[in-house]
Amino acid sequence: MAEERLTLRSARFLAADLLSRALRPGDVAVDATMGNGHDTLALARLVGEAGHVYAFDVQRAALDATRARLEEANLLSRATLILAGHETMGERVPAQPQAVCFNLGWLPGAPHGVTTRCETTLAAVRAACELLAPGGLLTVCVYPGHEEGRRELEALEAFARALPPQRFNALWHRFINAAPGAPQLLAAQKSAS
Ligand SMILES: C[S@@+](CC[C@H](N)C(=O)[O-])C[C@H]1O[C@@H](n2cnc3c(N)ncnc32)[C@H](O)[C@@H]1O
């Protein structure tokens, strides 16, 4: 069968693609924004039986939805679901992850009151950069279609620009002709040594 032709994909698809290449069975991964658990489940599949995922959210509803999703896939044992802010990951994740992913914004289907916030997002991304294993990957999907998302985007872009190139390769993905609120992606890889 002919191989599928290239399609340029949006931030979420690109993040998923990068994560699927970065992770191997037996790895540790962090889902910094658990939400309804789609990303936690994808990470749990990628790290396999010998790996582990640490997932964070500040809302009980997110933990419940993620637990149900993992249970249904029979993969709950591969994840630790943590009801706490992602900015605490430095104290709560006991191993160096090969990947940390963020999908910013609010819990789909829930009131928009509890969204990620610029200050805690930045603190968490800093913690993730420290925690990552050599060669590890950080992905952050940012949604600048709302006020807090625009603040996050500005702060993250400044942060990424200032990452020392000897320690990280950082890239920013956006469709240059998309609507201003379209999702964007920060991806950064820690140097291998
Ligand atoms: C867009 S949703 C994540 C979607 C999710 N990855 C999925 O696959 O369904 C963003 C989530 O971040 C959570 N959140 C907000 N502030 C947070 C914080 N300080 N630490 C961890 N999670 C936070 C929200 O409660 C919300 O569930």
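Throughout, read-outs are computed from the coordinates displayed, never taken from laboratory work. Computed from a predicted model, the values in this text were never measured in an experiment. Heads up, the Cβs are rebuilt from the backbone with ideal geometry, glycines too, and the neighbour counts pull from every protein chain shown.
No solvent, one uniform scatterer per C-alpha: report log10 I(q)/I(0) for the stretch 1-101 via the Debye equation at q = 0.16, 0.25 1/Å, two decimals. So the normalised log intensities work out to -0.65, -1.34. Dipole magnitude for the stretch 49-176: computed about the Cα centre from +1 point charges on Lys and Arg Cβ and -1 point charges on Asp and Glu Cβ, it is near 200 debye.
In order along the stretch 172-180, the Karplus-derived 3J(HN,Hα) couplings, from 6.51 cos²θ - 1.76 cosθ + 1.60 at θ = phi - 60°, round to 10, 10, 8, 7, 5, 10, 7, 4, x Hz, and Gly and Pro are given as x. The residue among Ala65, Ser10, Leu41 whose Cα reaches farthest toward the positive pole of the charge dipole of the chain, with charges on the beta-carbon of Lys, Arg, Asp and Glu, is Ser10. Please label the shape of the stretch 69-193 as rounded, prolate or oblate, based on the square roots a ≥ b ≥ c of the eigenvalues of the alpha-carbon gyration tensor (a/c under 1.5 means rounded; beyond that, a/b larger than b/c means prolate, else oblate). Here the stretch 69-193 falls in the oblate category. When you filter the trypsin sites (Lys or Arg not before Pro) in the stretch 1-93 for DSSP loop state and at most 11 other Cβ atoms inside 10 Å of their Cβ, you are left with Arg5. The HN-Hα couplings worked out from phi for the stretch 97-105 by the Karplus form 6.51 cos²θ - 1.76 cosθ + 1.60 (θ = phi - 60°) are x, 7, 8, 10, 10, 10, 10, 6, x Hz, whole numbers, x standing for Gly and Pro.
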